[in-house]
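The block underneath contains the structure these notes are about, expressed in structure tokens.
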């Protein structure tokens, strides 16, 4: 079933700063708050997080939008029921993540909720199931909700998707089909703990007191408009190694041969990884987290996470499509470069938000989370909060979305930061 | 390939891959996605006949949509209130009549030259795909009218197949570029595809040389699809191919003979139509892809012109890597040099020699052709190795250049064959030069401290009016052949009779091959008689050719020709097989006594055949003949040619149980030391000594010595050519027991031999000889 909602707004658009060309700081009527919980009980966790995020009754008005990032371990129906109970009638989008980000850098958060409100904000949401595998059509329909937003100066379409087994590039294309180049896209794929089978999307339309739902295999969109500037930062910490290779054989996400040589053999040899690593699929996945495949774009190389290897077929399974006939690099990264990336992304996002972030939403790659570990995550959040002294919420995703120019916007191994100025 | 070039090739490859499916509408959607994504453009639109067929990024922006539809400048910039500068590239989509365009817009960054080329290539590919799409739609409409429209449907299907084929080829080429195949391979693939996709035509790819004035042919593919390397050049600006380069645009000469761009040489060989389009690098023409046809009434239609342009753009794509162009230009220069020169000696090669000769022959210039072939060069190579052989060839080349004049052309044809083409006002001048060459090439070379004697067989022929280059070279070759068969190291001048003689030889050779295939060879038998008992103890099998018109021929009439052509080995084997077969029959009929033997001559060539032992063994086994009855006669010369090989062969034959004798003993130069080592059991005294036995003291002495030698070595001895009783008596007195010759019988056919000698002997039980 398709669900939609929209809220209606208020103020005029901010002007561009004549000197820097970036959006001038505007004191838009916008507020944010973040709530978090570490409770393993869905009802308690959602209740605690909502209680922290929602303003005291009558203090700042109802939120325009709630964003909820939930641990896959929680009972999804219980999460939906708790949302309905805790924030009735408030539009909400959310999904599960490898881990939740609250800006504190704690690994044990089970629910993180960000509330976005203010008279100078508006939002519309839509949840559209993917039928017959046509993710593009679902995304186009969902993103079309942005077309009803009022004419505020900044808009963004946040896309959450149950991304496993579908072409997320198609989700980006579908959303772009509807909103075109004037509205950027951000978001990511809901992540589970194991094999992406325990993922969930959460949506509450807010209309007519409809209850929140937990679902999968859908595209969930929250289109947000603000009178203040919105910035988006995208970065990864991987660098190409060696010489590029031709993908001489591939099938969607499975890379079969590189330069006519079995892809797995080439991968192990170039990274100097032992064959024995394949004895333990978990150990291989750990090693692969910092060693993606890089797809050559016009002016950049985009990493694609390597998820697994087929020892017998000597192939690599990647998180996104790797086109046959394309040119790829093997890439390498480490904790240090991954941490550098968060600072780069933060700078870009804050710059786009007029030099000051009043709230930040993070879509960080689950593979980066696996590589960083608890200490690295803590350090990552320290650096992020050092750059952006504002409420932060987000999650570690399975594939990231950020389209700011051109038409494509699917990423792996990447951190995407959305800043509201 | 640079990353930029690789990236572009990759984009094109991925773009073409979009057209793999069956769903035409979906393919168009994906194609436009790929266009936009490849260059990070925000907008892309396909406009067909002025209407938007499909767009990307324009659903919510009607103002931009209208602006892009209206744009037909190839490259322009729109100033948009919302987005600022929007850079736009608009490329025509070739698809029948009408205005069709692919227009792409990008916010901020201007398009690079590489990106513009990519987008134009995509537009062209899209045009081909759209035509396919439309043809499919028509096909669907026609589906219900199959009965009455079957013929047009067939054409349609063919058209569809052709267009799919085009896409397949483009995809393959793009893959080759993407996969960084060698540039020459990519260009070959493009030329081959062009020839295949543009039927009834010959395609040529040319590249401007570094001088900039000329373009050399990289590859030519004919109507048979075979790719040839050519070395011809065209002048930039001349002809259809040359003007496509100078004018940097498509040139079409529908009616070639009447075209202002026609080149007489092409007109004269019947070219009816031609077109050429530039191959570019960074927008500048660096070559051209040219199609021409000989077919009457043939015209290259618009679709074929677009296809040629598309393929040329793919070649341009391959050249986007700066080094690729330099690599091919360097290899081109090298190829042009190599195509005219022999790499070992630096002399001109056959191609250049023939070209020069054709040029002179066309003008009936006074020309002498001198054909040089080194004597025994193969033996030098075999004995001392190829390095030594090569050094001698270089030495010979230097001597030839020394002795010839600047205007003469010296070429190495192949192996140890050289050709000199000399201007000579009269026959004597040419012959003098040939003589000097023969003299200069008679020398002792010192290679790696070895002294090797070198000589050459030289033939010369003067070009006569009306003769082609091939004619005069063949004449000189024939004269050289005469010099060679006359012992080498000499000069022979061509005369008209040589041709007739050679023709006769060739006829004989042909007849011999026919004779082998049609069982025209047989063996005759000459009895071997034991002098003491007057008993026939064996026979020598002698090959005869039952020639269909010339009657029965003895080896003297054909053996030289058979040896020179190599067919002697097959004749020997046939003769041996025949002899064994006869013997088998005689054994079965109990016509021969236990000690009866058959002797067969072996040629030197057969004796050197490494399969000889197996052949003889097989024949004996197949016919179930006692090997002890078979004697093989080998000449001294054959045995001594390669002592080690001879020893091995002879021991192998002996192990089969076969006996060996030395034929024509005394005429060769056997070393007695070797004779002792060889496992032979008899010597045959040559008939020339027997002939003079009673009249010439020397001959008598030789015969006597031979018999004594045989006795000393424990060998048997047989005298052949015994024609008179006096000779037989003398041989008997000297201790020779076995004789053969006309005194007893000429060689006779098997049936006659049986009748005269075996049945008689059988009846008489150890019977006596009757003459």
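Is it the case that residue A:156 is more than 13 Å from chain B (Cβ to nearest Cβ), under 22 Å from residue A:409 (Cβ atoms) and touching a strand residue (DSSP E or B) at 6+ places or on another chain (Cβ under 8 Å)? Taking the combined requirement at face value, the residue satisfies it.
In the set (1) over 18 Å from the mean Cα position of the chain (by Cα); (2) more than 14 Å from chain B (Cβ to nearest Cβ), the condition left unmet by residue A:177 is number (2).
Per-residue answers, yes or no, for (1) farther than 16 Å from residue B:38 by Cβ; (2) surrounded by 23 or more Cβ atoms within 10 Å (Cβ to Cβ); (3) modelled with pLDDT under 85:
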| position | (1), (2), (3) |
| --- | --- |
| B:84 | yes, no, no |
| B:87 | no, no, no |
| B:99 | yes, no, yes |
| B:105 | no, yes, no |
| B:113 | no, no, yes |
| B:118 | no, yes, no |
| B:123 | no, yes, no |
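Confirm whether residue A:132 is in a loop (DSSP other than H, G, I, E, B), within 14 Å of chain B (Cβ to nearest Cβ) and on the phi > 0 side of the Ramachandran plot. Yes, satisfied.
Within region B:688-701, restricting attention to residues that are in a helix (DSSP H, G or I) and buried (at least 20 other Cβ atoms within 10 Å of the Cβ), which residue is nearest to the chain's Cα centre (by Cα)? Within region B:688-701, the match that is nearest to the chain's Cα centre (by Cα) is B:689.
Of all residues in region A:391-400, one or more are surrounded by fewer than 24 Cβ atoms within 10 Å (Cβ to Cβ) and closer than 26 Å to residue A:108 by Cα. With the condition kept exactly as written, say whether any residue in region A:185-201 is crowded, with 22+ Cβ neighbours inside 10 Å, within 14 Å of chain B (Cβ to nearest Cβ) and under 30 Å from residue A:153 (Cβ atoms). Yes: region A:185-201 contains one or more residues that are crowded, with 22+ Cβ neighbours inside 10 Å, within 14 Å of chain B (Cβ to nearest Cβ) and under 30 Å from residue A:153 (Cβ atoms). When every residue of region B:38-59 is checked against the conditions, at least one turns out to be part of a helix (DSSP H, G or I), within 10 Å of chain A (Cβ to nearest Cβ) and modelled with pLDDT of 75 or more. Against the condition within 25 Å of residue B:629 (Cβ to Cβ) and free of Cβ contacts under 8 Å to residues at least 40 places away in the same chain, how does residue B:568 come out, does it pass? When the stated conditions are applied, residue B:568 passes them. Tell me, yes or no, whether region B:126-134 has at least one residue that is away from every other protein chain (no Cβ under 14 Å), surrounded by fewer than 22 Cβ atoms within 10 Å (Cβ to Cβ) and under 24 Å from residue A:169 (Cα atoms). The answer is no; no qualifying residue exists. Does region A:340-349 contain any residue that is more than 14 Å from chain B (Cβ to nearest Cβ), on the phi > 0 side of the Ramachandran plot, in contact with a helix residue (DSSP H, G or I) (Cβ under 7 Å, 6 or more places away or on another chain) and at pLDDT 90 or above? No: region A:340-349 contains no residue that is more than 14 Å from chain B (Cβ to nearest Cβ), on the phi > 0 side of the Ramachandran plot, in contact with a helix residue (DSSP H, G or I) (Cβ under 7 Å, 6 or more places away or on another chain) and at pLDDT 90 or above. Scanning region B:291-308 for residues that are in contact (Cβ under 8 Å) with a residue 60 or more places away in the chain, surrounded by 17 or more Cβ atoms within 10 Å (Cβ to Cβ) and part of a helix (DSSP H, G or I) yields B:303, B:304, B:306, B:307, B:308. Applying the criterion of being surrounded by fewer than 20 Cβ atoms within 10 Å (Cβ to Cβ) and part of a helix (DSSP H, G or I) to the residues of region B:18-29, the residue that is farthest from the other protein chains (Cβ to nearest Cβ) is B:24. Do we have residue B:34 as part of a helix (DSSP H, G or I), under 53 Å from the mean Cα position of the chain (by Cα) and farther than 25 Å from residue B:112 by Cα here? In short, no.
Filtering region B:64-79 for residues that are away from every other protein chain (no Cβ under 13 Å), under 49 Å from the mean Cα position of the chain (by Cα) and either at pLDDT 90 or above or surrounded by fewer than 18 Cβ atoms within 10 Å (Cβ to Cβ) (or both) leaves an empty set.
If the condition is being at pLDDT 90 or above and assigned to a helix (DSSP H, G or I), then region B:649-673 contributes B:649, B:650, B:651, B:652, B:653, B:654, B:655, B:656.
Strands (runs of 3 or more DSSP E) fully within region A:256-373 that include at least 1 residues being without any contact (Cβ under 8 Å) to a residue 60 or more places away in the chain and under 28 Å from residue A:165 (Cβ atoms): A:293-296, A:306-310.
Criterion first (in contact (Cβ under 8 Å) with a residue 12 or more places away in the chain and either under 30 Å from residue A:63 (Cβ atoms) or crowded, with 17+ Cβ neighbours inside 10 Å (or both)) does residue A:226 satisfy it? It is true that residue A:226 is in contact (Cβ under 8 Å) with a residue 12 or more places away in the chain and either under 30 Å from residue A:63 (Cβ atoms) or crowded, with 17+ Cβ neighbours inside 10 Å (or both).
In this structure, residue A:32 does not qualify as at pLDDT below 75, closer than 18 Å to residue A:420 by Cα and out of contact with any helix residue (DSSP H, G or I) (no Cβ under 8 Å at 6 or more places or on another chain).
Hey, residue A:231 hits all of (1) more than 14 Å from chain B (Cβ to nearest Cβ); (2) surrounded by fewer than 24 Cβ atoms within 10 Å (Cβ to Cβ); (3) touching a helix residue (DSSP H, G or I) at 6+ places or on another chain (Cβ under 9 Å); (4) not in a loop (DSSP other than H, G, I, E, B) but one; which does it fall short on? Result: residue A:231 fails condition (2) only. The single residue among B:713, B:734, B:743 that is at negative phi, surrounded by fewer than 21 Cβ atoms within 10 Å (Cβ to Cβ) and at pLDDT below 90 turns out to be B:713.
The values are calculated or read from the model by the stated rules, or taken from the named source; none is laboratory data. Please read all numbers here as calculations on a predicted model, not as lab measurements. No Cβ is skipped: glycine too gets one built from the backbone with ideal geometry, and neighbour counts run over all protein chains shown.
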